[in-house]
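Take a look at the structure below.
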Amino acid sequence: MKNKKLLIIPVLIIVAVVWGLLQHRGVAVEVFTVAARDVTDSVIENGTVRIGDNIRIISDVSGAVADISAVEGGFVEAGEVIAVIDKINYENEINARLSAVAAYAAQSREAGANESYDKKDVQYSIRQIAVQREELQNDRELRRQDYEKGLVLYENGAIPKNDLDQLEKGFVNAELAVNAVDIQLDALRAKLDNDHAGAVSERMEALIEGEQAAISNLEKKVANCAIKAPASGFISDLAVKEISHVYEGQTVATIKAQDSLTVKAQLLTGYEPYLAVGDKVKITHKLKGGDMVYDGVINEIYDFAGETISALGLKEYRVDVVIALEDSKAALKPGYEVTVEFPLFSAQKQIVVPNGAVFDVDDNDYVFKIQGGKAVRTPVTVSYKSNTETVIASGVAVGDRVVADANVEGLADGVKISF
């Protein structure tokens, strides 16, 4: 009996040692190191080619109507200009941003490679700029109201065109001032998310990159100020003739194009909030010799959804989407089956983590950030979620390490981990 007790004691000691080692080692997890990268997500649905639909011509730009080339009931050829929108606002903004690029470049040269801001200095700058932004925002709102009142007065013949132009110029300049301050705030806040302010030269490079991307987009807007017919046909409705100012996404005309082709597809309602009339899509016709790909633009999204049955036998709800082909000479015929790629999200240099890293507590999103060998529950703001990954707007930064799967057994806030 004594010998049995002696044998049990070493076994208990071994068990205790193993348990202690496991406790010291912590919960085993897979680690994901956060990095920034470009993110693009889309969904592909089947569609059918049709003929003879009404095609709405949608403006990609905002501005005063400078000229109307078409007449209601008249015939237009594909590519013919329907109306021209004044591009002065876009050209002014391009010039303002070019000036900003030059100023940022000069600051970068003066700063030197080793100069940096202290975090408190950045926080102070943010507070100061935020106060400035509020003042500029109030000024913009007042100028917007003045411009809208002036627009009404001008259309009623109460004020001359010069007075209206001055009001519009004041509103545009106020808008540019707010945009410039927003760019500064975004850059400073991004630095704080990384727990440091960063070198002045790095800040300037980031601002220059943002300005150049904006300029590229504005140049496309300038080109789109000449609104063209996407297909040949008769203009059944020339809405632009009734307005003096067009806004982006607004319908300017409708063409009854008997020979024009459209594509009708059905989209799950969960994707519909990410799309709008005027969005660009890709249409693919699969052939034995190779696929043919065409550009299209969303022409209509139905206001109601229909119930369908999925391939798995489950109920799902879809909305009809009509797409106009931008190529009037597309080698397609009515009844052809095609696929349509709808863009859902596209952005550069985004913080992305696996879907499994994000978990929900009381309708708030969190990840487990690894700090000091422990899992630290950290709140995050989600901007987009695909089937495999989540885009994080704030809460984690490049270089942070997070737990790739938050559902690991035993994982909790403050728990020691191993990897």
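The values are calculated or read from the model by the stated rules, or taken from the named source; none is laboratory data. Just so we're clear, the structure is a prediction, and the values are computed from it rather than from any experiment. Here Cβ is always computed from backbone atoms with ideal geometry, including for glycine, and neighbour counts include all displayed protein chains. Ligands, DNA and RNA are stripped out before the accessible areas are found, and what is left, the full protein with its side chains, is counted by its heavy atoms. Shrake-Rupley method; radii C 1.70, N 1.55, O 1.52, S 1.80 Å.
Determine, yes or no, whether F345 is among the hydrophobic types (A, V, I, L, M, F, W, C), touching a residue at least 40 places away in the same chain (Cβ under 8 Å) and open to solvent by 30 Å² or more (accessible area, probe 1.4 Å).
The answer is yes for F345.
Any chance you could count how many residues in segment 232-255 are among the polar types (S, T, N, Q), buried (at least 16 other Cβ atoms within 10 Å of the Cβ) and outside any loop (DSSP other than H, G, I, E, B)?
Within segment 232-255, residues that are among the polar types (S, T, N, Q), buried (at least 16 other Cβ atoms within 10 Å of the Cβ) and outside any loop (DSSP other than H, G, I, E, B) number 2.
Restricting to segment 264-282, what's the tally of residues that are open to solvent by less than 80 Å² (accessible area, probe 1.4 Å) and out of contact with any Leu (no Cβ under 7 Å at 6 or more places or on another chain)?
Looking only at that region, the number is 13.
Go through segment 311-332 and count every residue that is in a loop (DSSP other than H, G, I, E, B) and surrounded by 10 or more Cβ atoms within 10 Å (Cβ to Cβ).
Result for segment 311-332: 6.
Please work out if R377 is in a strand (DSSP E or B) and closer than 30 Å to N407 by Cβ.
yes
Report whether or not V18 is in a strand (DSSP E or B) and either modelled with pLDDT of 90 or more or surrounded by fewer than 17 Cβ atoms within 10 Å (Cβ to Cβ) (or both).
no
Working only within segment 53-77, note down all residues that are surrounded by fewer than 18 Cβ atoms within 10 Å (Cβ to Cβ) and farther than 22 Å from L176 by Cβ.
If the condition is that a residue be surrounded by fewer than 18 Cβ atoms within 10 Å (Cβ to Cβ) and farther than 22 Å from L176 by Cβ, then N54, D67, I68, S69, V71, E72, G73, G74, F75, E77 are the ones that fit.
Let me spell it out: the conditions are (1) buried (at least 18 other Cβ atoms within 10 Å of the Cβ); (2) of a type in the set (S, T, Y); (3) at pLDDT 80 or above, and S201 meets all of them except one. Which number is the exception?
Single failed check for S201: (3).
Residues in segment 364-412 that are open to solvent by less than 20 Å² (accessible area, probe 1.4 Å), under 19 Å from E30 (Cβ atoms) and of a type outside the set (S, T, N, Q): how many?
Result for segment 364-412: 11.
Only one of V353, V293 is farther than 14 Å from V49 by Cα and surrounded by 12 or more Cβ atoms within 10 Å (Cβ to Cβ); which?
The match here is V353.
Among the residues of segment 365-374, are any at pLDDT below 85 and under 30 Å from D53 (Cα atoms)?
no
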